[in-house]
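*Asks:* Take a look at the following structure, please.
The values are calculated or read from the model by the stated rules, or taken from the named source; none is laboratory data. Computed from a predicted model, the values in this text were never measured in an experiment. Don't worry about glycine lacking a Cβ; one is built from the backbone with ideal geometry, like all the others, and counts go over all protein chains shown. All accessible areas refer to the heavy atoms of the entire protein, side chains included, with ligands and DNA or RNA removed. Shrake-Rupley method; radii C 1.70, N 1.55, O 1.52, S 1.80 Å.
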Amino acid sequence: MPWMRSRVLREAMNRLNQREKHIIEMRFYEGRTQMEVADEIGISQAQVSRLEKNALKTMKNYLKS
């Protein structure tokens, strides 16, 4: 059921802070690279990588529960 998956995904995204949510949206909904995201929000690519990794971990933990 696609609507169910999207609802659950939205709930998982709601566990993120605004910066993490923005990064996930740019990376996975807009298809931007980590460098593009870093340039747009004014941080390093390494910081984007860490924030993305933490955000995905938070979402994964929520989806497991």
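*Asks:* Please work out if Glu20 is within 13 Å of Tyr62 (Cβ to Cβ) and modelled with pLDDT of 95 or more.
*Replies:* So Glu20 passes the test.
*Asks:* Filter segment 15-33 down to the residues that are of a type in the set (Val, Ile, Thr) and not in a loop (DSSP other than H, G, I, E, B) and list them by number.
*Replies:* The first filter runs over segment 15-33 and keeps only residues of a type in the set (Val, Ile, Thr), leaving 23-24, 33.
Matches in segment 15-33: Ile23, Ile24.
*Asks:* Restricting attention to segment 12-33, which residues are among the charged types (D, E, K, R), open to solvent by 50 Å² or more (accessible area, probe 1.4 Å) and out of contact with any Leu (no Cβ under 9 Å at 6 or more places or on another chain)?
*Replies:* Arg15, Glu25, Arg27, Glu30, Arg32 - these are the residues of segment 12-33 that are among the charged types (D, E, K, R), open to solvent by 50 Å² or more (accessible area, probe 1.4 Å) and out of contact with any Leu (no Cβ under 9 Å at 6 or more places or on another chain).
*Asks:* So, one more: For segment 34-65, how many residues meet the condition of being outside any helix (DSSP H, G or I), among the hydroxyl-bearing types (Ser, Thr, Tyr) and open to solvent by less than 90 Å² (accessible area, probe 1.4 Å)?
*Replies:* At the first step, the residues of segment 34-65 found to be outside any helix (DSSP H, G or I) are 42-44, 65.
Pick out the ones that are also among the hydroxyl-bearing types (Ser, Thr, Tyr) and you get 44, 65.
From what's left, open to solvent by less than 90 Å² (accessible area, probe 1.4 Å): 44.
Final tally of qualifying residues: 1.
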